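Enquirer: Take a look at the following structure, please.
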Amino acid sequence: MTATPVPPHTPRPIVVAVDGPAGSGKSSVSRASALRLGFDYQDTGAAYRALAWSALDRGIDTRNALSVIASLGEFDYRIGTDPDDYFVRVGGEDVTDAIREPRVTSVVSQVASIPEVRAFLVSLFRRVIATSAQPGIITEGRDITTVVAPEADVRILLTATEEARMARRSAEIPGQTAEITSRQLSARDAKDSRVVDFMNAADGVITVDSTNLDFEQTVQAVVDLVVRSQEE
């Protein structure tokens with residue numbers, strides 16, 4: 001894919017923050033947009049999943065907030081920010097695929113709802129953003145535009161109708177019925193919405209509704225917003 005150049009930028013990386021509900025395409029669209037722009041890419045949801053995976057792997061009860069908090073000091077997490085070389089590692093073990101397993105998905109909201117966990121990981125996310133060596137970095141997740149990077153150069157809420165999101169998520173999980181996928185997606189959104197508002201755009205956040213856009217059109221919409229922000 002040919003990179004889309006952006007106008008000259010300041011010494012710090014251009015920061016693009018992307019929020020959105022499950023099944024909105026945040027990860028795939030953000031990664032493809034970063035690749036197109038020559039930017040780094042950070043998937044913050046992977047960190048919450050990696051912590052949940054680590055807790056399960058070590059036999060920690062994810063329902064016990066104190067136990068999860070106590071494990072943070074030993075959480076050795078690494079993520080690939082090169083959109084062409086994405087990986088997730090915990091303690092040197094590649095868990096890129098393992099963190100997507102249903103057993104992890106079923107408990108990640110428990111982990112993510114702990115305020116101390118969120119504060120710990122928000123600090124980590126900001127360090128990744130600040131140390132990017134590329135012209136820019138796209139960071140996506142649940143509360144990126146309002147908590148992690150409220151001063152980002154471009155803040156986007158990527159959304160779609162519930163029907164479109166469920167159809168997309170079903171396509172990502174072969175062998176699972178649409179009914180089960182729908183229940184899981186709705187339950188995840190309901191749990192996470194108790195902690196952050198990722199369904200409504202905050203002031204200054206641009207909404208990109210991908211309901212009637214295909215993947216390429218959605219990526220182009222994000223790229224156009226970034227390029228336009230640097231021309232103003």
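The values are calculated or read from the model by the stated rules, or taken from the named source; none is laboratory data. The shown structure was predicted, so the numbers you read here are calculated from the model rather than taken from an experiment. Cβ atoms come from the backbone with ideal geometry, glycine included; neighbour counts cover every protein chain shown.
Enquirer: So in the range 108-160, with the set limited to residues that are basic (Lys, Arg) and surrounded by fewer than 24 Cβ atoms within 10 Å (Cβ to Cβ), which one is farthest from Arg31 (Cα to Cα)? Quick ask: steps written out before the conclusion?
Expert: Just the residues of the range 108-160 that are basic (Lys, Arg), to begin with: 118, 126-127, 142, 155.
Those left that are additionally surrounded by fewer than 24 Cβ atoms within 10 Å (Cβ to Cβ): 118, 126-127.
Details: Arg118: 23, Arg126: 18, Arg127: 19 Å.
Across the range 108-160, the extreme among qualifying residues is Arg118.
Enquirer: When you scan the range 20-29, do you find a residue that is closer than 25 Å to Asp97 by Cβ, modelled with pLDDT of 95 or more and not hydroxyl-bearing (Ser, Thr, Tyr), even just one?
Expert: Yes - at least one qualifying residue is present in the range 20-29.
Enquirer: Checking Asp197 against (1) at pLDDT below 90; (2) among the acidic types (Asp, Glu); (3) loosely packed, with under 13 Cβ neighbours inside 10 Å: exactly one of these is not met. Which one?
Expert: All conditions are met except number (3).
Enquirer: Still on this structure: Assuming Ala190 fulfils every condition listed in (1) at pLDDT below 80; (2) of a type in the set (A, V, I, L, M, F, W, C); (3) in contact with a Leu (Cβ under 6 Å, 6 or more places away or on another chain) apart from one, which condition is it?
Expert: Just one mismatch for Ala190, condition (3).
Enquirer: Would you pick out the residues in the range 24-39 that are touching a helix residue (DSSP H, G or I) at 6+ places or on another chain (Cβ under 9 Å) and crowded, with 24+ Cβ neighbours inside 10 Å?
Expert: Ser24, Gly25, Lys26, Val29, Ser30, Ser33, Leu37, Phe39
Enquirer: Of everything in the range 214-232, what is polar (S, T, N, Q) and touching a residue at least 60 places away in the same chain (Cβ under 8 Å)? Give them in sequence order.
Expert: Passing the criteria: Thr218, Ser229, Gln230.
Enquirer: Let me ask something additional. Which residues, taken from the range 121-171, are within 13 Å of Asp19 (Cβ to Cβ) and among the basic types (Lys, Arg)?
Expert: Matches in the range 121-171: Arg142, Arg155.
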